[in-house]
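Okay, so here's the structure we're looking at.
The values are calculated or read from the model by the stated rules, or taken from the named source; none is laboratory data. Everything numeric in this text was worked out from a predicted model, so none of it was measured. Note that we place each Cβ from the backbone using ideal geometry, even for glycine, and neighbour counts take in every protein chain shown.
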Amino acid sequence: MTERKKIGVGYRLGALTVIEETDRRKNGYMVWSCLCDCGGRIELDTRTLQRGTVTDCGCRSRVRPGQRDLTGQKFGRLTALRPTDQRSAKGDTIWLCRCDCGKEAAAPLSQLTQGYKKSCGCLARPPRKDLTGKRFGRLTVLDYWGKKAGMHRWECRCDCGKIAIAGQTLLQSGKTKSCGCLGHPPVQDILGQQFGELTAVEYAGKKDRQYYWRCRCSCGKEAVVRQSYLLSGKTKSCGCLQARIVTENMKFVDGTSVTMLERTGQRLSRSNSSGYNGVYFNRRAQKWAAQIGFKGKTYYLGCYQQIEEAVEARKKAEERIYGEFLDWYYEYHAGKPRASSQRQEQSR
């Protein structure tokens, strides 16, 4: 184990000589006053002197005491030259760097060490290329238009006949392939055509580069719908078709959902804390209460000392109220008896 250096008056490190101790401490370590060979003075704590990271008052090194020295290190195309007196918004030291292209650039220490800054900007903006006459999707490049927002732009003619200005990077990457006609097809004559429950009765205009049609639904209502939604089948009604499907799936009879009654006991509401539908703890009575809802009304089934008694009362009410309703539904609407009723008949 390496023995720590004993720091005291007369201790020498580089161009520094410890001359006296101060009455201050830093992180529990004694702070010493040191004299540099150039005549300058600097105060350093015992730990810094033991580590030997500072060897002068700053007269020789460009990096201040406590700063990380990046001098000569390379980050991408940047070579760190020297620290500046400026600081970033996060408090990082701003370093002056030289790029491989010859230009100088300033960058915060953290951006250099974490790889966010790799050049003076020449990497982010590739040089202009000659794209004249070349074809990209439906676009044919005519002439160089200029530079805007750091990107070279080209004047192009689309196959539809329109002239468009497109970025060089977007053309080469394939992100721009037309003047916009590929992403937004032209208006089509669909007047009088039917799409599901909708019939196009009038062109409603263009908004946000989309074409709209006024349509009449089979239910009698009107709706303004995107042309693309009609052609793709995404919209087939004014909304009544979806409501009708929900109603059919929920099997509403006299305002009561047969589907919900069939699923009784299979799922609990989010507010349920007892683990059983219709059973809760009545804090005022300090007992377990049971209740049941049917056709918009809630029926109180009483309070019980034990939760098992409340659960049993709820089950009997379900069989009596829900069961009779489901038996009636299956007999007169579905045309077949309920499974539980069949088992009861067989047991008899």
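Structure data summary
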{"read-out": "Count of residues meeting criterion [outside any strand (DSSP E or B) and of a type outside the set (Gly, Ala, Ser)] in the range 72-116", "value": "13"}
{"read-out": "Residue selected from the range 205-226 under the condition within 36 Å of the chain's Cα centre (by Cα) and at pLDDT 90 or above, by the criterion farthest from LYS162 (Cα to Cα)", "value": "ALA223"}
{"read-out": "Filter result for GLY233 (among the small types (Gly, Ala, Ser), free of Cβ contacts under 8 Å to residues at least 40 places away in the same chain and within 30 Å of VAL141 (Cβ to Cβ))", "value": "no"}
{"read-out": "Failed criterion for ARG87 (all others in (1) of a type in the set (D, E, K, R); (2) within 25 Å of LEU123 (Cα to Cα); (3) modelled with pLDDT of 90 or more hold)", "value": "(3)"}
{"read-out": "Filtered residues of the range 185-218 (kept if free of Cβ contacts under 8 Å to residues at least 40 places away in the same chain, surrounded by 14 or more Cβ atoms within 10 Å (Cβ to Cβ) and in a loop (DSSP other than H, G, I, E, B))", "value": "GLN193, SER218"}
{"read-out": "Failed condition for LEU139, given (1) in contact with a Lys or Arg (Cβ under 9 Å, 6 or more places away or on another chain); (2) at pLDDT below 90; (3) not small (Gly, Ala, Ser)", "value": "(2)"}
{"read-out": "Filter result for the condition that a residue is within 35 Å of the chain's Cα centre (by Cα), in a loop (DSSP other than H, G, I, E, B) and closer than 30 Å to ALA204 by Cβ, over SER178, SER119", "value": "SER178"}
{"read-out": "Close pairs from the range 114-136: first at pLDDT below 85, partner assigned to a loop (DSSP other than H, G, I, E, B), Cβ under 7 Å, at least 6 apart", "value": "CYS120/CYS101; CYS120/LYS103; CYS122/CYS101; LEU123/ARG77; ARG125/GLY150"}
{"read-out": "Residues satisfying the stated conditions in the range 8-64, i.e. hydrophobic (A, V, I, L, M, F, W, C) and not in a strand (DSSP E or B)", "value": "VAL9, ALA15, CYS38, LEU49, VAL54, CYS57, CYS59, VAL63"}
{"read-out": "The one condition in (1) loosely packed, with under 14 Cβ neighbours inside 10 Å; (2) at pLDDT 70 or above that SER269 fails to fulfil", "value": "(2)"}
